[in-house]
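Written out below as structure tokens is the structure these notes cover.
The values are calculated or read from the model by the stated rules, or taken from the named source; none is laboratory data. These numbers were taken from a predicted model, which means no experiment stands behind them. Quick reminder, even Gly has a Cβ in these numbers, built from the backbone with ideal geometry, and neighbours come from all protein chains shown. Just so you know, the surface numbers come from the protein's heavy atoms only, side chains and all, with ligands and any DNA or RNA stripped out. Shrake-Rupley method; radii C 1.70, N 1.55, O 1.52, S 1.80 Å.
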Amino acid sequence: MSWFSRLRSSSKLFNHNFRASNFHNIRTHKNAPAANVFNFERTKNPWLTWSGSVVPLALAVYAGSLAFQPHFNPSLCDAPRANARVSIGGKGKTQFEVKGSHRDVPKELLEEMRAICQDNMTVDYDERYNHGKPQNSFHKAINIPDVIVYPRSEEEVSKIVKLCDDHKVPIVPYGGATSIEGHTLSPNGGVCIDMSLMNRVKALHVEDMDVVVEPGIGWMELNEYLEPYGLFFPLDPGPGASIGGMCATRCSGSLAVRYGTMRDNVISLKVVLANGRVVKTASRARKSAAGYDLTRLMIGSEGTLGLITEVTLRLQRIPQHSVVAMCNFPSVKNAADVAIATMMSGIQASRMELLDEVQVRAINIANEKKLPEYPTLMFEFIGTEAYAREQTQIVQRIVSENNGSDFVFAEEPEAKKELWKIRKEALWACFAMKPDMEAMITDVCVPLSHLSDLISRSKKELDASPLVCAVVAHAGDGNFHTVILFNPSDEEQRKEAERLNQFMVHAALSLEGTCTGEHGVGTGKMKYLEEEHGTEALRTMKRIKAVLDPNNILNPGKLIPPHVCL
């Protein structure tokens, strides 16, 4: 498959997953009955309110859970039963195929969910396969979901989750399908809850610069809605990412150097817990010191603590003016040093992206360009016209003092778009070099002062490898990605890709960094969490999980390594 075909395929997947609110039918196949979608009339249900204090209730649930033996978690160490094939990304695991324990979904549960969802539900094999085998990830699971449901309201989500908890059937939340670490795999089968039909903007408060949305709306669609009001939401992960999934993985993107990550841009959430009850994590105030920070607890929990049904987001004004600049360096170390020097100078770039010479070569091949094939830094400066130009001139001087060359910048909209397109299409360009390969995309982050050291160490290892590897970094915040092209069915290539990934993770951890800056843990990064956080931190996470999800139905086998014991 060519790189262009992959891009087109990804675009089709994005369009498939973003279902408009007037969407009228779910795709079916000749072996499945027709499934028509119709609008539900939403009703209020007072029992959904989170009444009483979270902590006493949670402690009571936890006390009872210690004596309970849940179906999917027979011990508090996640040790597999003798007859169960369980191998989910724990300490020392290197398998790409995630195995799990599976049992058929009870017929009565299917009937009860059909009564709730009507035709917004399918057991069609192709639908289930597409949801269980994500196209953006090389991670695979031996099982796929047994049923897909498409709720249209928080009330429906609550009822579905409550039924699954009663029947002890696992749930996997599903958003834009852009995650790459196995977050949406269904190793135990069960129910996949696709949130794509919950895609409304519920309220926009222009003067407060915030917006209340449902989780299924994409960040790109949200920004199209906000543009006429002169506002935008400042996170830009992969195309097709949904707001709910972005919260679940604590994502960021190229604008994080100026605006922060998802953690910094969410004001409040509404979340359905494992027992079906709904909790609102905070008010709409810009800051609060009232109680535990439940919003931050849920952000990055990857669907293991609850299902997000509403998000209140912090917005920004669309900048008056922007300048995009690009320059070249003899080595990635020089480029990284300039990124650090720029941040130390006090310049507040809105974007600062690093591409190595391999990535630039891929762009030339894919787009028939003739860019100098050297390590490259790209900047974006925003503000008033005078301020953006002043920042550009200061950075141009820093670049010239650090072996930089070919400094070019653009202010015209079309010219800026053409320059920035180089970075936006980086991944797809890599497939132009090796069209038949898959990509393992690494994601480590270190304190900014260590970025140059990490990239230099990594480049030596990458350049010596027989695999083609391209470097892309969010250089302004120390976040570093490598696109490793390999054939997953070739054992030697698979082992080499994993070796390189592990090398960079361990290098980052040795420099007080993290195994994942923005992609999340899923199944792929669990094996590194003990080295990063320590056993006690993981036990604390597991205690929280046991309190909020005593039956272990919420995205089981993700985030917390199975070998961790209470």
* To do: Taking the options Asn199, Asn143, name whichever one is farther than 22 Å from Leu559 by Cα and open to solvent by 10 Å² or more (accessible area, probe 1.4 Å).
  => Asn199
* Structure fact -> In the set Leu273, Leu294, Leu269, the lone residue that is out of contact with any Asp or Glu (no Cβ under 9 Å at 6 or more places or on another chain), modelled with pLDDT of 95 or more and either buried (at least 18 other Cβ atoms within 10 Å of the Cβ) or of a type in the set (S, T, N, Q) (or both) is Leu294
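Against the definition (at positive phi and either buried (at least 22 other Cβ atoms within 10 Å of the Cβ) or free of Cβ contacts under 8 Å to residues at least 40 places away in the same chain (or both)), how does Glu368 come out, yes or no?
Working: at positive phi: yes; either buried (at least 22 other Cβ atoms within 10 Å of the Cβ) or free of Cβ contacts under 8 Å to residues at least 40 places away in the same chain (or both): yes.
Judged against the criteria, Glu368 is a match.
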* Assuming Asn275 fulfils every condition listed in (1) touching a strand residue (DSSP E or B) at 6+ places or on another chain (Cβ under 9 Å); (2) assigned to a loop (DSSP other than H, G, I, E, B); (3) not small (Gly, Ala, Ser) apart from one, which condition is it? -> (1)
* Collect the residues in the range 146-180 that are hydroxyl-bearing (Ser, Thr, Tyr) and crowded, with 22+ Cβ neighbours inside 10 Å, keeping them in residue-number order. => Tyr150, Ser158, Tyr174, Thr178, Ser179
* If you check Asn223 against the conditions, is it surrounded by fewer than 23 Cβ atoms within 10 Å (Cβ to Cβ), within 22 Å of Ala241 (Cα to Cα) and within 21 Å of the chain's Cα centre (by Cα)? -> yes
* Looking only at the range 247-270, which residues are of a type in the set (A, V, I, L, M) and in a helix (DSSP H, G or I)? -> Ala248, Ala256, Val257, Met262
* **Matching residues, the range 462-477, being of a type in the set (Gly, Ala, Ser) and either more than 24 Å from Gln348 (Cβ to Cβ) or in a helix (DSSP H, G or I) (or both)** => Ala464, Ser465, Ala470, Ala475, Gly476
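Would you mind stating whether Lys525 is in contact (Cβ under 8 Å) with a residue 40 or more places away in the chain, basic (Lys, Arg), open to solvent by less than 30 Å² (accessible area, probe 1.4 Å) and over 26 Å from Gly253 (Cβ atoms)? Break it down stepwise before answering.
Values: in contact (Cβ under 8 Å) with a residue 40 or more places away in the chain: yes; basic (Lys, Arg): yes; open to solvent by less than 30 Å² (accessible area, probe 1.4 Å): yes; over 26 Å from Gly253 (Cβ atoms): no.
Taking the combined requirement at face value, the residue does not satisfy it.
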* State whether the residues of the range 342-352 include one that is within 30 Å of Pro550 (Cβ to Cβ), of a type in the set (A, V, I, L, M) and open to solvent by 10 Å² or more (accessible area, probe 1.4 Å). => no
* Residue within the range 508-522 that is among the hydroxyl-bearing types (Ser, Thr, Tyr), open to solvent by less than 30 Å² (accessible area, probe 1.4 Å) and at pLDDT below 95 present -> no
* Residue within the range 523-533 that is within 19 Å of the chain's Cα centre (by Cα), under 27 Å from Asp165 (Cα atoms) and at pLDDT 95 or above present -> no
* Which residues, counting only those in the range 305-333, are among the β-branched types (Val, Ile, Thr), open to solvent by less than 10 Å² (accessible area, probe 1.4 Å) and in contact with a helix residue (DSSP H, G or I) (Cβ under 6 Å, 6 or more places away or on another chain)? -> Thr309, Val311, Val323, Val324
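Listed here are the residues, each with its yes/no results for (1) at pLDDT 95 or above; (2) of a type in the set (Asp, Glu).
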{"residue": "Pro215", "(1), (2)": "yes, no"}
{"residue": "Glu221", "(1), (2)": "yes, yes"}
{"residue": "Tyr225", "(1), (2)": "yes, no"}
{"residue": "Pro228", "(1), (2)": "yes, no"}
{"residue": "Pro234", "(1), (2)": "yes, no"}
{"residue": "Pro237", "(1), (2)": "no, no"}
{"residue": "Gly240", "(1), (2)": "no, no"}
{"residue": "Ile243", "(1), (2)": "yes, no"}
{"residue": "Met246", "(1), (2)": "yes, no"}
* Structure fact -> So, first residue over 16 Å from Glu302 (Cα atoms) in the range 540-566, second residue of a type in the set (Gly, Ala, Ser) and part of a helix (DSSP H, G or I), Cβ within less than 9 Å, six or more apart or across chains; the pairs are Val547/Ala58; Val547/Ser65; Pro550/Gly64; Pro550/Ser65; Asn551/Ser65; Leu566/Ala546
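May I ask you to list the residues in the range 203-221 that are within 10 Å of Glu310 (Cα to Cα) and of a type in the set (Phe, Trp, Tyr)?
Filtering the range 203-221 for residues within 10 Å of Glu310 (Cα to Cα) gives 212-216.
Of everything in the range 203-221, nothing turns out to be within 10 Å of Glu310 (Cα to Cα) and of a type in the set (Phe, Trp, Tyr).
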* To do: Report whether or not Asn501 is closer than 23 Å to Val98 by Cβ, modelled with pLDDT of 95 or more, in a helix (DSSP H, G or I) and not hydrophobic (A, V, I, L, M, F, W, C).
  => yes
* To do: Spot the failing condition for Ser405; the list is (1) crowded, with 20+ Cβ neighbours inside 10 Å; (2) touching a strand residue (DSSP E or B) at 6+ places or on another chain (Cβ under 9 Å), and only one is missed.
  => (1)
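Looking only at residues that are within 19 Å of Phe431 (Cα to Cα) and in contact (Cβ under 8 Å) with a residue 60 or more places away in the chain in the range 463-479, which one is most open to solvent (accessible area, probe 1.4 Å)? Break it down stepwise before answering.
Here is the first cut: in the range 463-479, the residues within 19 Å of Phe431 (Cα to Cα) are 463, 465-473.
Those still in the list that are in contact (Cβ under 8 Å) with a residue 60 or more places away in the chain too: 468-473.
Details: Val468: 39, Cys469: 9, Ala470: 1, Val471: 0, Val472: 9, Ala473: 0 Å².
Applying the filter and picking the extreme gives Val468.
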